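The values are calculated or read from the model by the stated rules, or taken from the named source; none is laboratory data. Here the structure is a predicted model, which means the values were calculated and not measured. Cβ coordinates were reconstructed from backbone atoms using ideal geometry, including for glycine residues, and neighbour counts include every protein chain displayed. Accessible surface is based on the protein model in full, side chains and every heavy atom, while ligands, DNA and RNA are left aside. Shrake-Rupley method; radii C 1.70, N 1.55, O 1.52, S 1.80 Å.
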Amino acid sequence: MAKFNYISFNGTAFGSYIERLPKIKKDELIKSGVLVGNNNIKNAFSSQTGTAYAEIPFFGNIGGKALNYDGKTDITAEKVMTSTQGVVVVGRSKAWIEDDFSVDITGGVDFMTNVANQVSTYWDEIDQLTLVSILEGIFKMTGTASAKFVENHTLDLTTGRSAMKMDATTLNIAIQKACGSNKNAFSLAIMHSSVATNLENLNLLDYMKYTDASGIQRDLTIGTLNGRTVIIDDSCTFDGTDKYTTYVLGKGSFYFEDIGVEVPYAMTRDEKTNGGQTTLYTRQRKCFAPFGISYTKTSQDSLSPTDEELAKGENWKLIGDDDANSETIDDKTIAIARIISKG
């Protein structure tokens, strides 16, 4: 058990220590290029306790057919799509209590290493829950172009006469259906352990390994499939009837900024309760914004959306969808897809 060392606790030093610790899942999201920074988001939320929702500029890609340059054909220009994207800050907090007596009879271990590792891993898992909730929400979108995105970016193997499991070709078919020739942008998948086990049994999934401080090599819940990183996460959708949802993400599919809070870590003492106890408080504010998709906050009760609110389709729409004053983004530029399969 790790002892909450109230006397020597320094919130700033503790936070700096945690930032240096590896966050395996988020590190893989960043390494694969799925999460990218966005200065417009950072600037919009530069006040730690200020704005919780903002609309940032969204600039589309240039395109159109090239004209014949023959000395007599007029050169005509096309407008570049310019719109706005709604983005929201997700705030989360948690606290843990430690009774003095339990530490006295079990003996304490190094506070900084043990507790910081657990806190870091905890927030890594929370961030992934947030990401999966957003993915659930955008695949419940309605509206003209938004519904088209959901259809085009979904490969459902459970419809028809024979429900199927994922196999060697499934991932490639799904990303081609979603983005056509842009399929090479996809770099990472998030799937349920049941789906991963099936792929492992087919010798399609290889797990990454690490060597701990004792020199023992262990499997991570990170693998590779067709050259793409795979994160195993049982928070991925499972509807209870043997249907599993795998999300496939590409480079730059999410903007991400750690907005920060005024006091991310703090510790307090209660000398009376249960003979004395210490509470460690933690807080964070982060922004995850899917590329090309706007958060509308249509159904949100407070300044920070819950995971349940993030998972609501009415809170998301494709940029420009059903907006006469804005061009709708081409859904093939959005490297986000899902596969619904048997376990």
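Select from region 231-255 the residues that are open to solvent by 30 Å² or more (accessible area, probe 1.4 Å) and of a type in the set (F, W, Y) and write down the one among them that is farthest from the chain's Cα centre (by Cα). Break it down stepwise before answering.
Filtering region 231-255 down to residues open to solvent by 30 Å² or more (accessible area, probe 1.4 Å) leaves 234-235, 237-243, 251, 255.
Subsequent filtering for residues that are of a type in the set (F, W, Y) retains 238, 255.
On the way: F238: 18, Y255: 9 Å.
Of everything passing the filter in region 231-255, F238 is farthest from the chain's Cα centre (by Cα).
Please state which of the following conditions S181 fails to meet, knowing it meets all the rest: (1) buried (at least 18 other Cβ atoms within 10 Å of the Cβ); (2) over 23 Å from D234 (Cα atoms).
Looking at each condition in turn, S181 falls short on (1).
Say we look at region 18-42 and pick out the residues that are at pLDDT below 85 and open to solvent by 60 Å² or more (accessible area, probe 1.4 Å); which of these is farthest from I336 (Cα to Cα)? Let's see the steps before the verdict.
Taking region 18-42 and keeping what is at pLDDT below 85, we get 20-27.
From what's left, open to solvent by 60 Å² or more (accessible area, probe 1.4 Å): 20, 22, 24, 27.
Details: R20: 30, P22: 26, I24: 21, D27: 19 Å.
Across region 18-42, the extreme among qualifying residues is R20.
Where in region 58-157 are the strands (runs of 3 or more DSSP E), entirely inside, with at least 3 residues that are at pLDDT below 75 and in contact with a Cys (Cβ under 7 Å, 6 or more places away or on another chain)?
Numbers: elements: 82-88, 90-99, 154-156.
Counting at least 3 such residues, we get no strands (runs of 3 or more DSSP E) at all.
Regarding V263, is this residue among the aliphatic types (A, V, I, L, M) and open to solvent by 50 Å² or more (accessible area, probe 1.4 Å)? Give the steps one after another, and end with the answer.
Values: among the aliphatic types (A, V, I, L, M): yes; open to solvent by 50 Å² or more (accessible area, probe 1.4 Å): yes.
In short, yes.
Select, from G313, G292, the only residue that is closer than 16 Å to I56 by Cα and surrounded by 15 or more Cβ atoms within 10 Å (Cβ to Cβ). Walk me through how you get there before you give the answer.
Numbers: G313 fails: closer than 16 Å to I56 by Cα.
Only one candidate passes the filter, namely G292.
Taking T278 and the conditions (1) in a strand (DSSP E or B); (2) at pLDDT 90 or above, which numbered condition does it fall short on, given that it satisfies the others?
(2)
Any residue in region 271-287 that is in contact with a Leu (Cβ under 9 Å, 6 or more places away or on another chain) and of a type in the set (A, V, I, L, M, F, W, C)?
Filtering region 271-287 down to residues in contact with a Leu (Cβ under 9 Å, 6 or more places away or on another chain) leaves none.
Within region 271-287, not a single residue is in contact with a Leu (Cβ under 9 Å, 6 or more places away or on another chain) and of a type in the set (A, V, I, L, M, F, W, C).
Search region 320-340 for residues that are under 18 Å from A289 (Cβ atoms) and pair each with any residue that is open to solvent by 20 Å² or more (accessible area, probe 1.4 Å) and acidic (D, E) when their beta-carbon atoms are under 7 Å apart and the residues are at least 6 apart or on different chains.
These pairs meet every condition: G320/E327.
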